[in-house]
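The values are calculated or read from the model by the stated rules, or taken from the named source; none is laboratory data. Predicted model, so just to flag it, every value in this text is computed and none were measured. Glycine also receives a Cβ, built like all others from the backbone with ideal geometry; neighbour counts cover every protein chain displayed.
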Amino acid sequence: MASQWEQIAQLNNLTLDDEQKEQLRDYERGVLLVDLTQHPAWEVVLDVMEEHVKEVEDQFNKLVNSKSHDAQELLAAKSEVRATRLFFQQFQAAIEYFKQEAQNPPEISRLLQSLL
């Protein structure tokens, strides 16, 4: 599905290269995420995700403290904790990246804006 910027470019017989499309995509995502992250529900989303990470960590700690686990099970649970925590951290970093992109509109967006 073409973005609004790509549609504007098409209507004006302009061809966007892959880099311009990526810049516009990141900018659009950032604009939307700025709005989303300012909504009170955003904190709820982060809390739910963080609670899930803590639940996975708690399950791992229970397994470590139990007498009935083998090395493979422990390794798998440790990997799950690491992956869950890493996903949450990278998710937050990606959101911040896109929000930063919203602060710096790409040059092509200014050109397309002038065509409106």
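Consider the range 14-32 and keep the residues that are exposed (fewer than 12 other Cβ atoms within 10 Å of the Cβ) and over 13 Å from LEU111 (Cα atoms). The one that is modelled with the lowest pLDDT is ASP17.
With GLN113, GLN72, GLN103 as the choices, which residue is loosely packed, with under 11 Cβ neighbours inside 10 Å, within 30 Å of ILE8 (Cβ to Cβ) and out of contact with any Ser or Thr (no Cβ under 7 Å at 6 or more places or on another chain)? Among GLN113, GLN72, GLN103, only GLN103 is loosely packed, with under 11 Cβ neighbours inside 10 Å, within 30 Å of ILE8 (Cβ to Cβ) and out of contact with any Ser or Thr (no Cβ under 7 Å at 6 or more places or on another chain).
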